[in-house]
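Take a look at the structure set out below.
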Amino acid sequence: MTVFSATSPRSARTNARARARSHLVPVALTCVFVASAIALVAYLLWPTWSTGGTDTPDKLPVSVGGTLFNLPISAIRMKIQRHSGPQERIDLDFLYPSLDAPSGPTHVTADTVDTAMQPIDRIFLSIAAHHDALSPEQRTTTIYPRYLEPSATAPDDGLTMRPFRSDTPYGSEDLYSASTPALSARCTRDASTPGMCLSERRVGGADLTFRFPRSWLSQWRDIAEAMDKLTAQLRGPHS
């Protein structure tokens, strides 16, 4: 005698649901694990500083070329550079003459576009690793003289100006120099836009490049002292 065993439709559906649930459990556990891992990474990488509040730091320790600087967060111009640790280059600006870090960027809107070209009220500073390149002092004493006109203007209040020859890479610029206080600045001439000056100095493994309007040279001692002051106050503890 042959015996037939049959499964009822209800039992088949129950078994199918059980198998489906058994497959869903590993998937759910995997999702929970992935979400937990993402949350942990986000927590560890989330910035622990901000630009506001009395309990948060307003400066960042940044190493450029192995030299430590303490930099005001709000003075750092690019958000991607607003982190502590080693960096190849960092760009800042400071209000002049107060030398305070700006409270925020200046935004140009449709209502202010016609008046956007206002006098510059900031001194700009770039700090970059020099990797043993020619120092600013060496460029001033050995490179620039090759391109300068032989004649120089008589010192004006202690500041001497020598133009670069027109057939040189610096043909539209002038070199300003003074000894007390020390100042060396390469400046473009006023044209469709106001002339700008560039003054460099070396600190440890980094070169500091200051940029400011040429018109400020009418008070050149003040700008020389401002650059000295910024260099001193941004420098971290000396090793």
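The values are calculated or read from the model by the stated rules, or taken from the named source; none is laboratory data. The structure presented is a predicted model; accordingly, all values stated were derived computationally and were not measured. So basically every Cβ, Gly included, is an ideal-geometry build from the backbone, and we count neighbours across all protein chains shown.
Condition first: at positive phi, at pLDDT 95 or above and not in a loop (DSSP other than H, G, I, E, B). Can you find one or more residues in the stretch 75-85 that meet it? Yes, there is a match, as at least one residue in the stretch 75-85 is at positive phi, at pLDDT 95 or above and not in a loop (DSSP other than H, G, I, E, B). Residues in the stretch 154-192 that are out of contact with any Ser or Thr (no Cβ under 8 Å at 6 or more places or on another chain), under 11 Å from TRP220 (Cα atoms) and not small (Gly, Ala, Ser) were compared, and the one that is surrounded by the fewest Cβ atoms within 10 Å (Cβ to Cβ) is THR180. In the stretch 193-232, the qualifying residues are those that are free of Cβ contacts under 8 Å to residues at least 40 places away in the same chain and not hydroxyl-bearing (Ser, Thr, Tyr), and the one that is surrounded by the most Cβ atoms within 10 Å (Cβ to Cβ) is CYS197. Taken over the stretch 151-172, the criterion of being in a loop (DSSP other than H, G, I, E, B) and among the polar types (S, T, N, Q) is satisfied by SER151, THR153, SER166, THR168, SER172.
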